[in-house]
Amino acid sequence: MSRGGGKGPSLKDKLDGNELDLSLCDLNEVPVRELAALPKATILDLSCNNLISLPSDFCSLLHLVKLDLSKNRLQQLPLDFGRLVNLQHLDLLNNRLVTLPVSFAQLKNLKWLDLKDNPLDPVLAKVAGDCLDEKQCKQAAVKVLQHMKAIQSEQDRQRQRKLQAEREMEKKREAEQRAKEAQEREVRKREKAEEKERRRREYDAQKAAKQEMEKKTKKETVQTRKPASGSRPPQPPRHKHSWSRSVLRVLLFVLLCMLCTLAACKLTELQRQPLCVSVNTLYEDVLAALQNHKTLQNMLQQNSQQ
């Protein structure tokens, strides 16, 4: 058991039946571990000590039925003080309490309560009353429990409203997120369709250009092979062919002139003229050469046959 600085006698030595008196022990803290080992001590007196606060594990002393914490310096009770559900009698006289924890509403078996001489919140002080006698202290227990239950209910409602608001906000965010995702999908879908259409037009343009090029090449090939009759500039082959014809005509004309001259020199009186004499001589030489050439051909043909 902790005192101002040392250890006192064992708690079992102070146990009288089911009552444990630790008042006026100059305690700075509650020996919770030792108290938990004495479940028989349902009545605990911790009055007139130097307690400023109660440890959180103090609320594990569920066997407590009557608790006296008067004339200490308690500024607050543990948040889960309501776990002491078997508590029926609670004395908090002359401390420094301003409010009570919301869990206080869970002390359903509380029948007696004294909150005098505490700097309580005005509303709580009015609910608790003066507690000048047994009846008023019992009424204080009932009224404070009702007041704390109302506070608990209001906090629960606020918590529910907050949770509901958070759920609605979450749903709204999810809806906005879904709408945003749907919009993004629509944008991507539209962009994809536009890209497909662009590629299709590009493909059609390339195909049309290719067909046009093939058509043009085919047309040029046809024109090269079968030139049109009305083409303005004559093609080089046509020009060459026309030149050959002209040469042939000249040669035929010269040959005709030679034949006429030969006939005139052979058949007319002009055969004694010097020109005709030369022509006749040339004619006879050519004729002899041709005969010799024919004779040579016959000889070669015979030799080849042999």
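Give the residue that is farthest from the chain's Cα centre (by Cα), with candidates limited to residues of region 30-61 that are farther than 12 Å from Leu84 by Cβ, among the small types (Gly, Ala, Ser) and open to solvent by 20 Å² or more (accessible area, probe 1.4 Å). Applying the filter and picking the extreme gives Ala37. Of note, Ala175 satisfies the criterion of being open to solvent by less than 60 Å² (accessible area, probe 1.4 Å), over 25 Å from Lys71 (Cβ atoms) and modelled with pLDDT of 90 or more. May I ask you to verify whether Leu24 is at pLDDT 95 or above, of a type outside the set (Val, Ile, Thr) and in a loop (DSSP other than H, G, I, E, B)? Criteria not met by Leu24. Given the condition assigned to a helix (DSSP H, G or I), β-branched (Val, Ile, Thr) and at pLDDT 95 or above, answer yes or no: does some residue in region 141-148 qualify? Scanning region 141-148, I find at least one residue that is assigned to a helix (DSSP H, G or I), β-branched (Val, Ile, Thr) and at pLDDT 95 or above, so the answer is yes. Within region 121-133, the set of residues being in contact with a helix residue (DSSP H, G or I) (Cβ under 7 Å, 6 or more places away or on another chain), at negative phi and surrounded by fewer than 18 Cβ atoms within 10 Å (Cβ to Cβ) comprises Asp130 only. Scanning region 209-231 for residues that are modelled with pLDDT of 90 or more and surrounded by 10 or more Cβ atoms within 10 Å (Cβ to Cβ) turns up at least one hit. A Cβ distance below 6 Å, combined with a sequence gap of six or more or placement on separate chains, defines the contacts here; from region 35-50, residues that are within 9 Å of Asn18 (Cα to Cα) reach residues that are among the basic types (Lys, Arg) and surrounded by fewer than 19 Cβ atoms within 10 Å (Cβ to Cβ) in the pairs Ile43/Lys66. Of note, Arg200 does not satisfy the criterion of being surrounded by 10 or more Cβ atoms within 10 Å (Cβ to Cβ) and at pLDDT below 85. Taking the listed residues Lys71, Lys66, Lys111, the one that is of a type in the set (Lys, Arg), open to solvent by 10 Å² or more (accessible area, probe 1.4 Å), in contact with a Phe, Trp or Tyr (Cβ under 9 Å, 6 or more places away or on another chain) and modelled with pLDDT of 95 or more is Lys66, with no other qualifying. Here the condition is being in a helix (DSSP H, G or I) and within 30 Å of Ser103 (Cα to Cα); of Gln152, Gln177, it holds for Gln152 alone.
Taken as a whole, the condition of being open to solvent by less than 80 Å² (accessible area, probe 1.4 Å), within 22 Å of Gln75 (Cβ to Cβ), part of a helix (DSSP H, G or I) and polar (S, T, N, Q) does not apply to Gln136.
The values are calculated or read from the model by the stated rules, or taken from the named source; none is laboratory data. Remember, predicted model here, so these are calculated numbers, not experimental data. No Cβ is skipped: glycine too gets one built from the backbone with ideal geometry, and neighbour counts run over all protein chains shown. Accessible surface is based on the protein model in full, side chains and every heavy atom, while ligands, DNA and RNA are left aside. Shrake-Rupley method; radii C 1.70, N 1.55, O 1.52, S 1.80 Å.
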